[in-house]
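Comments concern the structure below.
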Amino acid sequence: MKNSSTFRGQSWDAAAYAATGRFVADLAVGVVELLAPQPGEAILDLGYGDGALTERIAALGARMTGADASAAMVAAARARGLNVHEVSATAMGFNGEFDAVFSNAALHWMPDAEAVLAAVQRALKPGGRFVAEMGGMGNIAAIRVALQAVLAKFGIDAETVAASFYPSPAHYRRLLEGAGFSLRSIELIPRPTPLPAGMVEWLNTFRNGVLDLLAPQDRARAVAETVELLRPVLCDADGNWTADYVRLRFSVVRG
């Protein structure tokens, strides 16, 4: 069990992510269209997860490189034959190498946004584009409130430990412009998302880092209590769960 005073962020299990979180890549059609990858372009996929979406973009003819800090995800992506690096966004050493940087459902796991944007700026060629989608203001609000209430009983501040970053469009626009990017578009997109595997599996996959702080019996109790709090608002009469996702999607150009 991790020490809650030092651990921050999320722990990833590649197999659980593939089984429970495949919708993350499946719902990325809009942001990939915004990226509009071209054959032969050099594109960096930042926070690529298990590489499923990276693989799809590569099939369109782009020359893909991946950067992700999770050893488990790196192994999963390499098993697909992808060119990936195990490195945090803030430690990337790329310098003017890419026509575009792409990121889907990853930037909200990187709370040091200014350092991340500086690294992205360095990685791009002059005039290169940065296209991404991430959790935005209001993302999984009900789930976060329920977890906060339940885990407080165990002395855990779930929001602080999760270290997620869900900015408003105005906030993130300031960060992008401060990093030297020229804005093309930015929008907040409510996206209620069905969870075929259910809320228990979602919590164990996407809030694993927080729940790992608990002993096994306490974890089971906390998950059960959280699910019951959420049932009236996120589960329909037939037992189908929907997560209250809100996405922030943007496209910018390096100045």
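The values are calculated or read from the model by the stated rules, or taken from the named source; none is laboratory data. These numbers were taken from a predicted model, which means no experiment stands behind them. Cβ coordinates were reconstructed from backbone atoms using ideal geometry, including for glycine residues, and neighbour counts include every protein chain displayed.
Below are the figures for this structure:
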read-out	value
Candidate set: the range 220-243, residues that are crowded, with 16+ Cβ neighbours inside 10 Å and more than 23 Å from the chain's Cα centre (by Cα); chosen: the one farthest from P126 (Cα to Cα)	E225
Residue count for the range 203-243, restricted to those that are of a type in the set (G, A, S), part of a helix (DSSP H, G or I) and modelled with pLDDT of 95 or more	3
Residue in the range 99-127 that is farthest from the chain's Cα centre (by Cα), counting only those that are crowded, with 22+ Cβ neighbours inside 10 Å and part of a strand (DSSP E or B)	L124
Some residue of the range 43-54 being assigned to a helix (DSSP H, G or I), surrounded by 18 or more Cβ atoms within 10 Å (Cβ to Cβ) and not hydrophobic (A, V, I, L, M, F, W, C)	yes
Residue pairs meeting the criteria (Cβ under 9 Å; at least 6 apart or on separate chains; first closer than 17 Å to S103 by Cα, in the range 57-79; second part of a helix (DSSP H, G or I) and of a type in the set (D, E, K, R))	M64/E55; A77/E55
Filtered residues of the range 37-56 (kept if at pLDDT 95 or above and hydrophobic (A, V, I, L, M, F, W, C))	A42, I43, L44, L46
Residue within the range 16-36 that is in a loop (DSSP other than H, G, I, E, B), surrounded by fewer than 21 Cβ atoms within 10 Å (Cβ to Cβ) and either at pLDDT 90 or above or among the β-branched types (V, I, T) (or both) present	yes
Which numbered condition G180 fails, given (1) farther than 30 Å from R122 by Cα; (2) of a type outside the set (D, E, K, R); (3) surrounded by fewer than 18 Cβ atoms within 10 Å (Cβ to Cβ)	(1)
Single residue of V246, V252, V200 found to be assigned to a helix (DSSP H, G or I), surrounded by 15 or more Cβ atoms within 10 Å (Cβ to Cβ) and hydrophobic (A, V, I, L, M, F, W, C)	V200
Options A146, A132, A142: the member that is out of contact with any strand residue (DSSP E or B) (no Cβ under 8 Å at 6 or more places or on another chain), outside any loop (DSSP other than H, G, I, E, B) and either of a type in the set (G, A, S) or surrounded by 22 or more Cβ atoms within 10 Å (Cβ to Cβ) (or both)	A146
